[in-house]
Amino acid sequence: MSVLRLRRGIALPMALLVLVALALLSALALTDALQVSRAATLAEDEARARAAVLQGIDGLGNPPDLAWLCLQPPMHPVEAVERFADGRRVERRWWAVAPGVVRVELVGVGMHGARHRRLGWMRPDTIDAAEPWVGCPRATRLLPAGTDWLGGHPEG
């Protein structure tokens, strides 16, 4: 009988264990990098939505048809959507809630769906309560109603 015995080595199982541990660590690092990338994309999209709202403030004074807006019931808004070259858009809505009072809403939408909203109050530049007709047929644009006329939206 030979003294030679087959001995089991430990090198191969240890090498496999190290490879599995490295694969697990690299998968965790990749998952963490993916989450950071998604968070950065969403933050950038929120910034683009806010920029769309800031650019949309200028157009609030000129709804598509101001005379028609003044005749609308409060539940029926007049809407306008402006799209920008980089994929974002701003949605403007106007509601005539009372004679001489218009509620406005701005919604900036980013490329990936982020939204930023603002609510405000405006008034027609010309309205005569003593005139026999309804609405504001002589108005040419809307003006801010007060100093703090545009505020945040409760939903953000």
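The values are calculated or read from the model by the stated rules, or taken from the named source; none is laboratory data. These numbers come from a predicted model, not from an experiment. Virtual Cβ from ideal backbone geometry, glycine too; neighbours counted across all protein chains shown. The accessibility values were calculated without ligands, DNA or RNA, using every heavy atom of the protein model including side chains. Shrake-Rupley method; radii C 1.70, N 1.55, O 1.52, S 1.80 Å.
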Next on the checklist: With open to solvent by 30 Å² or more (accessible area, probe 1.4 Å) and either aromatic (F, W, Y) or under 21 Å from W149 (Cα atoms) (or both) as the only criterion, which of R89, R83, R103 stands out?
Outcome noted: R103
Item to check | Verdict on L30 being more than 28 Å from the chain's Cα centre (by Cα) and either within 21 Å of E155 (Cα to Cα) or open to solvent by 60 Å² or more (accessible area, probe 1.4 Å) (or both) | outcome: yes
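Regarding W94, is this residue open to solvent by 20 Å² or more (accessible area, probe 1.4 Å), under 21 Å from T140 (Cα atoms) and out of contact with any Ser or Thr (no Cβ under 9 Å at 6 or more places or on another chain)? Full working, then the answer.
Numbers: open to solvent by 20 Å² or more (accessible area, probe 1.4 Å): no; under 21 Å from T140 (Cα atoms): yes; out of contact with any Ser or Thr (no Cβ under 9 Å at 6 or more places or on another chain): yes.
So W94 does not fit the description; no.
Yes or no: V109 modelled with pLDDT of 90 or more, buried (at least 19 other Cβ atoms within 10 Å of the Cβ), closer than 26 Å to A43 by Cβ and under 20 Å from the mean Cα position of the chain (by Cα)?
Details: modelled with pLDDT of 90 or more: yes; buried (at least 19 other Cβ atoms within 10 Å of the Cβ): yes; closer than 26 Å to A43 by Cβ: yes; under 20 Å from the mean Cα position of the chain (by Cα): yes.
Considered against the rule, which asks whether it is modelled with pLDDT of 90 or more, buried (at least 19 other Cβ atoms within 10 Å of the Cβ), closer than 26 Å to A43 by Cβ and under 20 Å from the mean Cα position of the chain (by Cα), V109 comes out as yes.
For the range 10-23, indicate whether the set of residues that are over 31 Å from the mean Cα position of the chain (by Cα) and either within 24 Å of G151 (Cβ to Cβ) or not in a helix (DSSP H, G or I) (or both) is non-empty.
yes
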